[in-house]
Amino acid sequence: MKLDEFFVTGEPLIYGGMVAIVLVTSAIIFILTYFKKWKWLWQEWLTTVDHKKIGIMYILSALAMLFRGGMDALMMRAQLAVPNWNFLNAQHYNEIFTTHGTVMIIFMAMPFLIGLMNIVVPLQIGARDFAFPFVNAISFWSFFFGAMLFNISFVIGGSPDAGWTSYTPLAGAAMSPGPGENFYLLGLQLAGIGTLATGINLMVTILKMRAPGMKMFQMPIFTWSSLITCFIIIFAFPILTIALALLTIDRIFGSQFFTLTGEGLPMMWANLFWMWGHPEVYIVILPAFGIFSEVISTFAHKRLFGYNAMVWSIIIIAGLSFLVWVHHFFTMGAGAFVNSVFSVSTMLIAVPTGVKIFNWLGTLYKSKIEFSTAMLWALAFVPSFVIGGVTGVMLGMASADYQFHNSYFLIAHFHYVLIAGTVFACFAGLTYWYPKMFGLKLNERLGKWAFWFFLIGFHVCFLPQYFIGWDGMPRRIFYIMPEWFTLNFISTIGAFGMGIGFAIFIYNVYYSYRYSPREETGDAWGGRTLEWATPTPVPPYNFATLPEVHQLDAFMEMKEKGETTFEEKKLQPIHMPNNSGKPFIMMLILFFASFALVFEWIPLAAIFLAGGFIMMIIRSFDYDEGYHISVAEIKRLERERRGLDHE
Ligand code: HEM
Ligand SMILES: [Cu+2]
């Protein structure tokens, strides 16, 4: 293979990207070397098995991916701003909407939420860590290297260009030759291992490691939403794994599962993809519901209204999410009866979702609302999400969908749900739990600026798209007709508004790090659930002494009774797992194996795969028993972080 087949050439934007990658990488290497931080990076982060640090790494990576996916979005919106413009050519546009969609869903939304779950769930249930901390590290590195594999396609080999749904036969070897689609298949496969493992890990954690006394219906609502999400993951991800594997075998080894020749079934891919894909959208929506519920009840200073109804509606939504996948291709031609069944099941989802909306409103009703930044995100979510939901019901009507199908109406709908639901929730959750993670609050004034830019930009960007869709503009086109100009131009302005909002958000992280006062109470907002019972930043063992739970909102009870999680008399040495470099190395090896497979270098891939197996064998002989934190050390840490020393 020649070098110019290996690197992507011929596009000024991509050369720019290459230069940027080289510059940023060299800068990072220089800074780490100059400040002698390599050892620190390895010991504190790359080898950590602490759920809080893993969570932080998830969120940092997800923010980087939001930046990448956002740049893709802005480039697309720039191209679509004016008719007959050649900022991007058709091929490049195809690649960008593919990577944008994939990055946003797989490498941004899901990891962001899993990152928050990592940090918050063990704290909310009064646990010391995940059930399997080592597996948790494996999960993270599998996501991280999967994301990296997918992202380098941009400069090495070429990006996938068949859409984030990767429909066959378009995505098959005949119509999409070259490494692009292989990057998609193997990047998702590598990351998928970790997601499935997290689902199992977190489920076991929630079911088995709750604080003494905590019953299922005393769990905080975010923990509930995480638990249900884990169930969805466990049932949905194996479908994706199989589908990806079959298409990989089709492409690389010449089988005929999804081809038009050789009696393959191209629509089978669409079915398998959406049997995973529709539940996937609930994987990124249900935890968001959980976050909003926590934020709303905290800042309404009220118990969550209709907690039981909330839990049951999450469960029902999760169940229904597996029964609606055909609404993604009503035009397949399955016939009126099949379409009707899936149309009805789709619209049924609106019922439990409506229940939740009324519960949030019920919580707000006659309450004293505190308009903090996190609360603003939650308040803005409710009406915005309703717009997305109602238009979803419209799309769910099979007959109407023949008209809306693959138009901008659809683009507007799913951005309304994904951004107002998931992205707002990520920002709300990050702002809300930030003090737990870093021991200081984000600046409220900057936070509000970011919020307003993003919120207004969001509506300006996506509301017009419903009308462009009605006007007949299809999705996935790179040239617009002159009559679609005005609304498209407005939409693009909105997109840049969101970009500014995001930039302010990131600046806020830097600003707060420099200027925000340290948060010493541990209970930054007057919280109701157990995570606020720990000092900030949370010590490695989470709880010095485990609380005992008798009711929902366990921390409220503790505050009333004057209890603490630091009872000096009850302290005992705490057992902790040791750090380990194995998860990182194992996944790095699998990364190389996948990379070799992308380029169809089969012997090399086999060697690396064998390396991965050897790592697993080595790990199975690992008798590392961890270590204990002494009582004296616990006392020192707690006193320091609770600010008890300078009294
Ligand atoms: C930040 C503002 C965003 C803007 C301006 C934006 C814009 C766009 C545009 C212009 C398209 C291509 C439409 C087409 O040509 O068919 C698109 C597609 C898509 N977007 Fe976004 N987007 C944004 C955020 C997001 C987020 C947060 C998510 C998910 C969490 C997301 C998921 C998707 C998906 C799945 C597609 C479909 C890709 C495909 O057709 O294969 N977007 N977006
Ligand atoms: Cu769906």
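The values are calculated or read from the model by the stated rules, or taken from the named source; none is laboratory data. These numbers were taken from a predicted model, which means no experiment stands behind them. Positions of Cβ are generated from backbone atoms using ideal geometry, with glycine treated the same way; all protein chains shown enter the neighbour counts. For the accessible areas, the whole protein counts, side chains as well, though only heavy atoms, and no ligand, DNA or RNA atoms are used. Shrake-Rupley method; radii C 1.70, N 1.55, O 1.52, S 1.80 Å.
The table for this structure:
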| item | result |
| --- | --- |
| Degrees separating the helix 602-620 axis from the principal Cα axis of the chain, which is the longest one | 20 |
| Sites R303 and F621, calculated FRET efficiency, Cβ-Cβ separation with R0 35 Å, nearest 0.05 | 0.10 |
| Residue-by-residue Karplus 3J(HN,Hα) for the stretch 454-459, coefficients 6.51, -1.76, 1.60, Hz, glycine and proline x | 5, 5, 5, x, 4, 5 |
| Distance cut-off 17 Å, percentage of C-alpha pairs in the stretch 265-312 lying past it | 53 |
| Descending semi-axes in Å of the stretch 548-647, equivalent ellipsoid built from Cα gyration tensor | 47, 18, 13 |
| Average accessible area per residue (Å²) across the chain - probe 1.4 Å, nucleic acids and ligands excluded | 41 |
| The stretch 82-139 - convex hull of alpha carbons, volume per residue in Å³ | 104 |
| Accessible-area value, T241, 1.4 Å probe, nucleic acids and ligands omitted, Å² | 50 |
| Inter-centroid distance (Cα atoms) of the stretch 547-573 relative to the stretch 419-492, Å | 41 |
| Dimensionless Rg ratio for the stretch 468-563, taking C-alpha atoms and the 2.2 N^0.38 Å reference | 1.96 |
| List L207, L590, ordered by accessible area with a 1.4 Å probe, largest first | L207, L590 |
| Karplus-derived 3J(HN,Hα), 6.51/-1.76/1.60, for each residue of the stretch 58-69, Hz, glycine and proline x | 4, 5, 4, 5, 5, 5, 4, 6, 5, 5, 5, x |
| Isotropic mean projected area of the C-alpha convex hull, the stretch 329-383 (nm²) | 5.3 |
| Viscosity 1.306 mPa s, temperature 10 °C, Stokes-Einstein D of the stretch 221-304 from Kirkwood C-alpha radius, µm²/s | 106 |
| Accessible-area ranking of W452, W377, largest first, probe 1.4 Å | W452, W377 |
| Label-to-label distance, nm, for residues given as N406 and A174 (7 Å Cα→Cβ offset) | 1.8 |
| Alpha-carbon spread of the stretch 324-466, three principal axes, descending order, Å | 57, 30, 27 |
| Solvent-accessible ranking of H51, H628, largest area first, probe 1.4 Å | H628, H51 |
| Global form of the stretch 176-280, assessed from the alpha-carbon gyration tensor, a/c cut-off 1.5 | prolate |
| Distance in nm between pseudo-label sites at K570 and V351 (7 Å out along the Cβ direction from Cα) | 4.4 |
| The chain: calculated mean residue ellipticity at 222 nm from DSSP helix runs of at least 4, using -39500 (n - 2.57) | -21500 deg cm²/dmol |
| Amide hydrogen neighbours beyond the local backbone of F7, cut-off 5 Å, H modeled | G157 |
| Rounded to 10°, Cα long-axis angle of helix 336-348 versus longest principal axis of the chain | 30 |
| Overall Cα dimensions of the stretch 36-111 - principal axes, largest extent first, Å | 53, 28, 17 |
| Cα-derived Rg to Rh of the stretch 21-161, Kirkwood definition | 1.06 |
| Residue-by-residue Karplus 3J(HN,Hα) for the stretch 292-302, coefficients 6.51, -1.76, 1.60, Hz, glycine and proline x | 4, 4, 5, 5, 5, 6, 5, 8, 8, 6, 8 |
| 9 Å beta-carbon shell around P160, net charge (K/R +1, D/E -1) | -3 |
| Inverse mean reciprocal Cα-Cα distance (Kirkwood Rh) of the stretch 355-415, Å | 13.5 |
| Full-extension gain in nm, I500 to K635, via 0.36 nm per residue minus C-alpha separation | 44.1 nm |
| Helix axis angle, 424-438 relative to the chain longest principal axis, alpha carbon, degrees | 30 |
| Accessible carbon and sulfur surface of the stretch 344-391 relative to its total accessible area, %, 1.4 Å | 80 |
| Listed peptides 192-198, 305-311, 293-299 by packing density, highest first (mean Cβ within 10 Å) | 293-299, 192-198, 305-311 |
| Rounded, prolate or oblate (a/c below 1.5 giving rounded, otherwise prolate when a/b exceeds b/c) for the stretch 556-612 by Cα gyration tensor | prolate |
| Spherically averaged projected area in nm², based on the convex hull that wraps the Cα atoms of the chain | 29.3 |
| Size of the stretch 422-490 as Cα extents on the principal axes (Å, biggest first) | 52, 21, 18 |
| Size descriptor, Kirkwood hydrodynamic radius, that averages inverse alpha-carbon separations across the stretch 8-47, Å | 11.8 |
| Residue-count net charge about L590 - beta-carbon cut-off 15 Å; Lys, Arg +1, Asp, Glu -1 | +2 |
| Hypothetical label at K215: residues of the stretch 527-555 whose amide nitrogen lies under 12 Å (7 Å Cα-Cβ projection) | 550-552 |
| Cα-centred dipole magnitude for the stretch 441-494, charges only on beta-carbon of K, R (+1) and D, E (-1), debye, nearest 20 | 320 |
| Cα-based Rg of the stretch 91-225 normalised by 2.2 N^0.38 Å, two decimals | 1.29 |
| Cα-based convex hull volume of the stretch 382-498 per residue, rounded to whole Å³ | 110 |
| The stretch 475-629 shape via C-alpha gyration tensor axes, a/c threshold 1.5 | oblate |
| Cα→Cβ-extended label distance, 7 Å offset, between E560 and W470, nm | 5.2 |
